[in-house]
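What follows is a set of notes on a single structure, which appears directly below.
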Amino acid sequence: MTTVAAMASERKRSIGGNSDAFLGVLLITPIVLVMAALVFFPLIDTMWDSLHRINPMQPGTPFIGLAKYTNMLSDGDVNASWINTLIYVVIAVAVETVAGVAGAALINQVKVGRQWVLAAVILPWALPGVVNATIWLWIYQPGAGLLNGILTAFGLPFENHVWFNDRTSAIAAVVTVHIWRMLPLTIVIVLAAMQSIPNELYEAAKIDGASRTSMFGSITLPLIRSAIAIAMTNGTVAAFNFFDEAWVLAGPSLDTRPILIQIYLEAFQNLHFSYGMALSLVVTIVSLLVSLVYVVRVYRNTRLD
Amino acid sequence: MQQQSLAFRIMIWLGVAVLLVWSLGPIYWTLASAITPTVDFSSRPIHFVPIHFTLDHFERLLGINVDRIGGVEVWAQFRAALFNSIVAALASTIVCVAIAALGGYAFTRLSFPGRRVIFIAVVATLAIPGYAVLIPLYRLMTSLHMVDTFLGVTLIYVSAFLPLSLWLLKSVFESLPISIEEAAQLDGASRLYILFRIVLPLAAPGLTAAAILTFLGAWGQYAVPLIFSPTQTKPLTVLIPEFATKNFIDYGLITAAGSIAIIIPALVVIFLNRYLISGLLAGSAK
């Protein structure tokens, strides 16, 4: 019914129907060309080639089926990078969500100069990831770095501590930089949801004698839930895409190597093109599936309400 | 009651202070280090506020008085990289927003076969991470001899940021009242006249938001130019980490170059934050 109505109104709108269709096709041609050549064709190519052996160092491109995919399972470096990536995803999403909601709640309480606070908070997100990484490389520097300087100023024995010597502190150092860049996005998304909550709800709760904490739990949290899910999805995809900071801070070190650096090394240093393609497809699918989990959970929750 | 409110406000301000130190502290440290003489980097304990002031690092970067400082000329590299970053980011922003605006209008107001399917297919690529297509793209660009050219890298950026701009602009066009366009049509205005003289001026805030997101995205890219712009078109983001070699990391140079790379994003955040946030929100709610 609605479609019929929509079609009818569309026909009415487009008086010169055919010329409109022609113009429409003309206007989207650049988009179609760019996307077809640079996204869809390479994507199909990736799928197809991941089933073949493609290596500039070896002749021919024989069909090898799912061999690349089964190779992956017994590849120690791939498994190690997967574990690192999963650690990054869990830590980054957890910290970004908790700190993001807290940060948004804080900024939401600021009455004077809120836009300046917000601008300052967004700044790390707007900077190039590599610049962030070099900034933090300098902060983590053992001798003259800010971090050891602060710890030493508190009388702690960190004068020449090397943060990238052991795996736990290296991972913590790397993920901190990632969180520094991505936290602003969570804050912006959650803050927008908080600002759209009508004030009357809080007024009514206040009359009923509700405390701040109970208002946060029973009004704010339920109403920002879908924003949190969106932020978590963004955070997850970003953590799966993690490359720049890890590469600049620790290079190819296996202690901190995320799966994307593994792909980069396989494809552009070892020239195992098809293996790299199979890996990138798996990462894409995993990151989509994980993001889907949040979306489904949120939809189910909101439906039960 | 008043008492509790005061304590509450103090708590809020403490929290905001922590948030500001976390966000701006590393940036302060970069700027502070960029004006600290190299000698002072080896003093212990470190100084949180620079005790001596120098512009040596900036002078080395910008090729001023290089003879006095030691004669190492990084200006040529830095100038080229700065130029490359600006060209690639501007070109991709202009092309991306332009074709997203034309297409976005067509997808919103014109009816043609395949309209919905094509729109959904293009926007769905937002969910596909860029690296899924990086390797075939590299072979494609190699065979077209477009590796290390502005054309090649601009096209890649456009294909990467187009879906977001398109999504954003379509939602902007949809929110514009159609009655204005119908009135213009009754007065005999052509579709293109309506698009360029009525719709696009009304959509200016949306165009700004799309342009900001594309520009910042292209400006900050690292993995893509590392592969597709390695030498001739090398941008700042690829050059800056090169100041950190295995044996010697020139922190003065890195922080000075970082300070310059921060300027443009900082200006955007300070003066165009409203558009940036509206773009982020529209872009994230996919």
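Data table
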{"read-out": "Of residues in region A:174-190 being more than 9 Å from every other protein chain (Cβ to nearest Cβ) and in contact with a Ser or Thr (Cβ under 7 Å, 6 or more places away or on another chain), the one farthest from B:VAL269 (Cα to Cα)", "value": "A:VAL174"}
{"read-out": "Unique match (being within 19 Å of the chain's Cα centre (by Cα) and not charged (D, E, K, R)) among A:ASN84, A:ASN108, A:ASN71", "value": "A:ASN84"}
{"read-out": "Matching option when the condition is of a type in the set (Ser, Thr, Tyr) and more than 12 Å from chain B (Cβ to nearest Cβ), among A:THR61, A:THR29, A:THR70", "value": "A:THR70"}
{"read-out": "B:ALA282 under 28 Å from A:LEU260 (Cα atoms), surrounded by 15 or more Cβ atoms within 10 Å (Cβ to Cβ) and more than 10 Å from chain A (Cβ to nearest Cβ)", "value": "yes"}
{"read-out": "In region A:138-154, the residues that are more than 7 Å from chain B (Cβ to nearest Cβ) and part of a helix (DSSP H, G or I)", "value": "A:LEU147, A:ASN148, A:ILE150, A:LEU151"}
{"read-out": "Test: residue in region B:238-257 that is closer than 29 Å to A:ASN234 by Cα and either of a type in the set (Asp, Glu) or facing another protein chain (nearest Cβ under 7 Å) (or both)", "value": "yes"}
{"read-out": "Odd one out for B:ALA203, checked against (1) farther than 13 Å from B:ALA101 by Cα; (2) crowded, with 20+ Cβ neighbours inside 10 Å", "value": "(1)"}
{"read-out": "Qualifying position, being over 30 Å from B:LEU169 (Cα atoms) and either outside the structural domain of B:THR237 (by TED's automatic domain parsing) or modelled with pLDDT of 80 or more (or both), among B:ILE64, B:ILE94, B:ILE99", "value": "B:ILE64"}
{"read-out": "Residue tally, condition part of a helix (DSSP H, G or I) and of a type in the set (Phe, Trp, Tyr), over region B:220-234", "value": "1"}
{"read-out": "Residue satisfying all of: in region A:93-105; of a type in the set (A, V, I, L, M, F, W, C) and crowded, with 22+ Cβ neighbours inside 10 Å; farthest from the other protein chains (Cβ to nearest Cβ) among these", "value": "A:VAL93"}
{"read-out": "Total residues in region B:82-119, condition facing chain A (nearest Cβ under 8 Å), assigned to a helix (DSSP H, G or I) and over 25 Å from the mean Cα position of the chain (by Cα)", "value": "5"}
{"read-out": "Tally of residues being surrounded by 23 or more Cβ atoms within 10 Å (Cβ to Cβ) and assigned to a loop (DSSP other than H, G, I, E, B) across region A:258-286", "value": "2"}
{"read-out": "Positions within region A:144-158 being loosely packed, with under 14 Cβ neighbours inside 10 Å and either on the phi < 0 side of the Ramachandran plot or in contact (Cβ under 8 Å) with a residue 40 or more places away in the chain (or both), in sequence order", "value": "A:ALA153, A:PHE154, A:LEU156, A:PRO157"}
{"read-out": "Members of region B:120-169 that are part of a loop (DSSP other than H, G, I, E, B) and among the hydrophobic types (A, V, I, L, M, F, W, C)", "value": "B:ILE128, B:LEU144, B:MET146, B:VAL147"}
{"read-out": "Residue pairs meeting the criteria (Cβ under 8 Å; at least 6 apart or on separate chains; first in contact (Cβ under 8 Å) with a residue 12 or more places away in the chain and surrounded by 13 or more Cβ atoms within 10 Å (Cβ to Cβ), in region A:159-170; second small (Gly, Ala, Ser) and in a loop (DSSP other than H, G, I, E, B))", "value": "A:PHE164/A:SER253; A:ALA170/A:SER253"}
{"read-out": "Test: residue in region B:197-209 that is under 14 Å from the mean Cα position of the chain (by Cα), over 30 Å from B:ASP40 (Cα atoms) and either facing chain A (nearest Cβ under 10 Å) or of a type outside the set (Val, Ile, Thr) (or both)", "value": "yes"}
{"read-out": "Leading residue by the ranking (surrounded by the fewest Cβ atoms within 10 Å (Cβ to Cβ)) among those in region B:17-52 that are more than 10 Å from chain A (Cβ to nearest Cβ) and touching a Pro at 6+ places or on another chain (Cβ under 8 Å)", "value": "B:HIS52"}
{"read-out": "Candidate set from region A:21-54 (those that are among the polar types (S, T, N, Q) and part of a helix (DSSP H, G or I)); member that is farthest from B:ILE118 (Cα to Cα)", "value": "A:THR46"}
{"read-out": "Options A:ILE171, A:ILE135; residue that is in a helix (DSSP H, G or I), more than 7 Å from chain B (Cβ to nearest Cβ), among the β-branched types (Val, Ile, Thr) and within 29 Å of B:SER43 (Cα to Cα)", "value": "A:ILE171"}
{"read-out": "Tally, over region A:224-257, of residues that are in a loop (DSSP other than H, G, I, E, B) and at negative phi", "value": "10"}
{"read-out": "Residue list for region B:170-184, filter: surrounded by 18 or more Cβ atoms within 10 Å (Cβ to Cβ) and within 11 Å of another protein chain (Cβ to nearest Cβ)", "value": "B:GLU181"}
{"read-out": "Residue identified as of a type in the set (Ser, Thr, Tyr) and within 11 Å of chain B (Cβ to nearest Cβ) among A:TYR275, A:TYR294", "value": "A:TYR275"}
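Residue-wise test of (1) of a type outside the set (Asp, Glu); (2) modelled with pLDDT under 85; (3) within 17 Å of A:GLY251 (Cβ to Cβ); (4) out of contact with any Asp or Glu (no Cβ under 6 Å at 6 or more places or on another chain).
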residue	(1), (2), (3), (4)
B:THR233	yes, no, no, no
B:LYS246	yes, yes, yes, yes
B:ALA257	yes, no, no, yes
B:ILE260	yes, no, no, yes
B:ILE270	yes, no, no, yes
B:GLY279	yes, yes, no, yes
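The values are calculated or read from the model by the stated rules, or taken from the named source; none is laboratory data. Only a predicted model underlies this, so the values are computations on that prediction, with no experimental measurement involved. Heads up, the Cβs are rebuilt from the backbone with ideal geometry, glycines too, and the neighbour counts pull from every protein chain shown.
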